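Written below as structure tokens is the structure these notes are about.
The values are calculated or read from the model by the stated rules, or taken from the named source; none is laboratory data. Please read all numbers here as calculations on a predicted model, not as lab measurements. Please note: Cβ atoms are built from the backbone with ideal geometry, for glycine as well, and neighbour counts cover all protein chains shown. With ligands, DNA and RNA removed, areas are computed over all heavy atoms of the protein, side chains included. Shrake-Rupley method; radii C 1.70, N 1.55, O 1.52, S 1.80 Å.
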Amino acid sequence: MNYLLRTALVGALVMPGAAFAQETISLTVASSHPTVIPWVGMIKTHFMARTDEILAESGEYQIDWNEAFGGQLYKANATLDSVEQGITDVGWVFSMLEPAKLPMSQASSYAPFTTADAALQLEVMQELFETNEAFREEWEQYNLKVLGFTGTDSYDVYTSEPIDGFADLDGMKLSAPGVLGNWLRGTGANAVDGSLTSFYTDIQTGVSDGVLSLALGVLPAKIYEVAPHVTKVDMGVAFSGAVAINRDSWDALPEPVQKAMIEAGAYYTESHGRDLNERHAAALEMMLEAGADQSTPVEITPMSEEDRKAWVTAMPNIAKEWADGLEERGMPAREFMQSYINGVRERGGEPVRAWDDEL
């Protein structure tokens, strides 16, 4: 199995009065997605690179990384199992596709309009992982050691026809991925389940009138070609998973290597959050440029604060529904949701709706 670490002596470095051999540790790092996806690419450029940099300072250890990105070992529906079982040592776990096994990790998906700041949210999630035993156990029960966290950029609405305000959503068909269809409840819009691979065709064929999606997904999929009217709603960001290592692999690592990975994981999380915020704004600008010469040029229109408030107020309390369901199963979901939203507030975030006051 991959978690059985292979070590080798790769040479002696002569120091004044002493000599020692550098130890090489072989680890497999993998993901279901390719490195062109920002948070996957940053596993290599930030987590792995920072780990190597720290270890090089002492020269005692180095890691021989066996890279298997882009679904070489497993697909998106097996990210948790593959790290748990040691199919890979290190991998990105896509929590959004694991609602049954990682239910508390879905909290942000049931509290839209809480924050559109990805860096802020990831800081909150990291703190919760360190302080909330139930959240931490939710991950660690699967033979994992979590090293860094991942999220999304903020969600907006992309449509084939312009939207003048919240009232225009009534009667529309909007594609949305899985649980995020709940964000349309109370608006009068009908959620059409779909993904980035189906959104373009759905709009083109009239299955839907547009999508609720992310700039970082819409841009490479060129959805703006069939949905050139961008209503910047800033519905918020969502927690999407973590970079984790198989616990058996982790336990076999020397302490200096573990410390290096912990530091690199924190660096990865911070850098990823900042990168999401920057890329979101850049992606919208790139859509404007790429779609300027279309038959219907891309236009971006901010939704008014009044309409944003009308949207979130019209929704049922999906945060309460989520918490009630988990509380019945013995999970402290109300406390967790309150801690999440308070963590956002403590960092200057201003949720449009106080979901936690209604739990």
Exercise. Gap in Å between the Cα centre of region 84-119 and the Cα centre of region 156-177?
Worked result: 27 Å
Exercise. Going by alpha carbons, how many degrees (0 to 90, nearest 10) lie between the helix axis of 49-58 and the longest principal axis of the chain?
Worked result: 30 degrees
Problem set entry | Length gained when the stretch Ala76-Ser295 is fully extended (0.36 nm per residue, less Cα-Cα span) | 75.2 nm
Exercise. So how do 173-185, 312-324 stack up, highest first, on mean other-Cβ count within 10 Å?
Worked result: 173-185, 312-324
Exercise. What are the semi-axes of the equivalent ellipsoid of region 56-105, taken as the square roots of 5 times the eigenvalues of the Cα gyration tensor, listed largest first and rounded to whole Å?
Worked result: 27, 14, 9
Seminar exercise, completed: Of the candidates Ser304, Tyr267, Asn317, the farthest towards the positive dipole end of region 259-330 (Lys/Arg Cβ +1, Asp/Glu Cβ -1, centred on the Cα centre) is Tyr267
Seminar exercise, completed: So, relative contact order of region 24-149 in percent, Cα under 8 Å, 6 or more apart, is 26 percent
Problem set entry | Scattering profile of region 214-298 at q = 0.22 Å⁻¹ [log10 I(q)/I(0), Debye over alpha-carbon scatterers] | -1.04
Seminar exercise, completed: Listed by chain and number, the residues whose amide H is under 5 Å from that of Ile63, excluding neighbours fewer than 5 places away on the same chain and using placed H, are Ile25
For this session: Using the charge dipole of the chain (Lys, Arg: +1 at Cβ; Asp, Glu: -1 at Cβ; taken about the Cα centre), state which of Val230, Gln141, Ala119 has its Cα farthest towards the positive end.
Result: Gln141
For this session: Quantify, in whole percent, the carbon and sulfur part of the accessible surface of region 203-359 (1.4 Å probe; protein heavy atoms only).
Result: 47 percent
Exercise. If you count, for each residue, the other Cβ atoms within 10 Å and average over each peptide, how do 123-136, 53-66 line up from highest to lowest?
Worked result: 123-136, 53-66
For this session: Give, in nm to one decimal, the length gained when the segment between Glu358 and Arg274 is fully stretched (0.36 nm per residue of separation minus the Cα-Cα distance).
Result: 27.1 nm
Exercise. What does the charge dipole of region 165-285 about its Cα centre add up to, to the nearest 20 debye, if the Cβ of each Lys and Arg holds +1 and the Cβ of each Asp and Glu holds -1?
Worked result: 120 debye
For this session: Compute the acute angle (0 to 90°) between the alpha-carbon long axis of helix 318-327 and the principal axis of greatest extent of the alpha-carbon atoms of the chain; round to the nearest 10°.
Result: 50 degrees
Exercise. Which lysines have a Cα lying under 30 Å from the Cα of Lys222, excluding residues fewer than 8 positions away in the same chain?
Worked result: Lys44, Lys75, Lys173, Lys232, Lys309
Seminar exercise, completed: Computed ³J(HN,Hα) along region 277-288: with the Karplus parameters 6.51/-1.76/1.60, θ = phi - 60°, integer Hz and x for glycine or proline, the list is 4, 5, 5, 4, 4, 5, 5, 5, 5, 5, 5, 4
For this session: Rank by packing, highest mean first: peptides 37-47, 249-259, 103-113, with packing defined as the count of other Cβ atoms within 10 Å averaged across residues.
Result: 103-113, 37-47, 249-259
Problem set entry | 17 Å Cα-Cα reach of Lys259 towards lysines, excluding residues that sit fewer than 8 places from it in its own chain | Lys145
Problem set entry | Per-selection Rg to Rh, region 93-252 - Cα, Kirkwood hydrodynamic radius | 1.04
Exercise. In whole percent, what relative contact order does the chain give with Cα contacts below 8 Å and a gap of six or more residues?
Worked result: 22 percent
Seminar exercise, completed: The size of the Cβ-based charge dipole (Lys, Arg +1; Asp, Glu -1) of the chain about the Cα centre, to the nearest 20 debye, is 560 debye
For this session: May I ask which residue of Trp183, Met172, Met287 lies farthest towards the positive end of the charge dipole of region 167-326, with charges of +1 (Lys, Arg) and -1 (Asp, Glu) on Cβ and the Cα centre as origin?
Result: Trp183
Problem set entry | Percent breakdown of C-alpha pair distances by 10 Å bin, ordered from the shortest bin, for region 14-95 | 18, 42, 24, 10, 5, 0
Seminar exercise, completed: In vacuo Debye sum over C-alpha of region 155-196, base-10 log of normalised intensity I(q)/I(0) at q = 0.14, 0.27, 0.29, 0.31 Å⁻¹, listed in q order, is -0.28, -1.04, -1.17, -1.29
Seminar exercise, completed: With +1 at each Lys and Arg Cβ and -1 at each Asp and Glu Cβ, the charge dipole magnitude of region 223-359 around its Cα centre, to the nearest 20 debye, comes out at 180 debye
Exercise. Per-residue ellipticity at 222 nm for the chain, helices alone: DSSP H runs ≥ 4 residues times -39500 (n - 2.57), over residue total, nearest 500 deg cm²/dmol?
Worked result: -11500 deg cm²/dmol
